[in-house]
Amino acid sequence: MSEKNKARQENLFRFIDKDTIQSEKITAPRYSYWASVFRVFFRKKINIFLICVFVLLLLCAFIIPAIEPYRPYENITDAKTFNLSPQAAWNYFGGFSVKWLLGSGPMGNPIFLGIMASARTSLMLAVICAAINMTIGIIMGAVWGYSRRFDQVMLVIYNIIANVPYILLISVLVYVIGAGFWSFIFALTVTGWLGISYFFRTQVLIIRDREYSLASRCLGTPIPRMITKNILPFLTSVIVTLLATELPRYISMEVFLSYIGVGLSAEVPSLGRMIQEAQSAFMVYPWEFWPPVAIAAAITIILYVLGQNLADASDPRTHM
């Protein structure tokens, strides 16, 4: 063998020492699950666009009412301010103004400020209700799926409450305890977590008897640790998927219940109440009806699409 070939072979291999610490080191790049999730999520340009639109809506909904509070009855004594188009409102109030960007409502109220205040109400209500119901539902569902004795009790409670129409239950609670903001949240959350809990109970039953869970149980791992380490991480994509449907659902429910007169009180700005007040004249005064409908639909669709895309990105199968 020539000297050149020997030198080439020697360059292909090298001797290593018997250092056990060095032999255990892995040269593969460090993997981060959430970094991979957001890399897949932001790969879609539509998500970036929807996030920008949603952030703009958030800023408008929380900053504008803080700068210019919404007072629905400020012009109720001046009949000339009722049902003005944007151009008519600008002429009456002395020129262009963001306050009258969408004209005035049936009581002389500025529609633009009303929509911003109502959007803030809907977003706050959706986030608070989703946080309460998801937290209680996930914890109770995990325990429900593991404890057989707890399962027997909860199944009886679930079968009783699940047979009562949810809208009827909320309506009765609102009539009993009042139609304020926190009363409405209580009505939406007092039993709203039960369906989520039952869903997670089913998911836990599917994966609790898999090999790694049985091995952990044989090794004496406590049940709380098995739930937090073995079960819930496996259900990350399921949790995100459910959250994607819960947030827009509460906004839609608030709009619907306020629309039929069962939701929030008149003192609390609401998109549903604005739509209800303008429905009788939406052909004559379209600027009163369609803007709140468009904002309610936009918030619901944006949250749903972003949630579904985040759920797809959190699925480990998309990281292969």
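Brief remarks follow.
Let's see how each residue does on (1) within 30 Å of Ala298 (Cβ to Cβ); (2) of a type in the set (A, V, I, L, M, F, W, C); (3) surrounded by 13 or more Cβ atoms within 10 Å (Cβ to Cβ); (4) out of contact with any Pro (no Cβ under 7 Å at 6 or more places or on another chain):
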{"position": "Phe150", "(1), (2), (3), (4)": "no, yes, yes, yes"}
{"position": "Met154", "(1), (2), (3), (4)": "no, yes, yes, yes"}
{"position": "Phe184", "(1), (2), (3), (4)": "yes, yes, yes, yes"}
{"position": "Gly192", "(1), (2), (3), (4)": "yes, no, yes, yes"}
{"position": "Ile196", "(1), (2), (3), (4)": "yes, yes, yes, yes"}
{"position": "Ile227", "(1), (2), (3), (4)": "no, yes, yes, yes"}
{"position": "Phe234", "(1), (2), (3), (4)": "no, yes, yes, yes"}
{"position": "Ile239", "(1), (2), (3), (4)": "yes, yes, yes, yes"}
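- Arg210 out of contact with any helix residue (DSSP H, G or I) (no Cβ under 6 Å at 6 or more places or on another chain), over 26 Å from Met124 (Cβ atoms) and basic (Lys, Arg): yes
- Considering Pro72, Pro110, the condition of being within 33 Å of the chain's Cα centre (by Cα) and at pLDDT below 90 is satisfied by Pro72 alone.
- Helices (runs of 4 or more DSSP H) contained entirely in the stretch 190-245, each with at least 3 residues that are touching a residue at least 60 places away in the same chain (Cβ under 8 Å): 192-207
- Evaluation of Val284 against (1) more than 15 Å from the chain's Cα centre (by Cα); (2) assigned to a helix (DSSP H, G or I) (one fails), failing number: (2)
- Residue list for the stretch 67-111, filter: touching a residue at least 24 places away in the same chain (Cβ under 8 Å) and in contact with a Lys or Arg (Cβ under 9 Å, 6 or more places away or on another chain): Glu68, Gly108, Asn109, Pro110
- Residue satisfying condition, being at pLDDT 90 or above, under 30 Å from Ile207 (Cβ atoms) and either touching a strand residue (DSSP E or B) at 6+ places or on another chain (Cβ under 6 Å) or surrounded by 15 or more Cβ atoms within 10 Å (Cβ to Cβ) (or both), within set Ala117, Ala61, Ala130, Ala89: Ala130
- Among the candidates Arg273, Arg210, Arg201, the residue that is over 30 Å from Gly178 (Cα atoms) and modelled with pLDDT of 80 or more is uniquely Arg201.
The values are calculated or read from the model by the stated rules, or taken from the named source; none is laboratory data. Since the structure is predicted, the reported quantities are computational estimates derived from the model, not experimental observations. Every residue, glycine among them, receives a Cβ derived from its backbone with ideal geometry; neighbour counts consider all protein chains shown.
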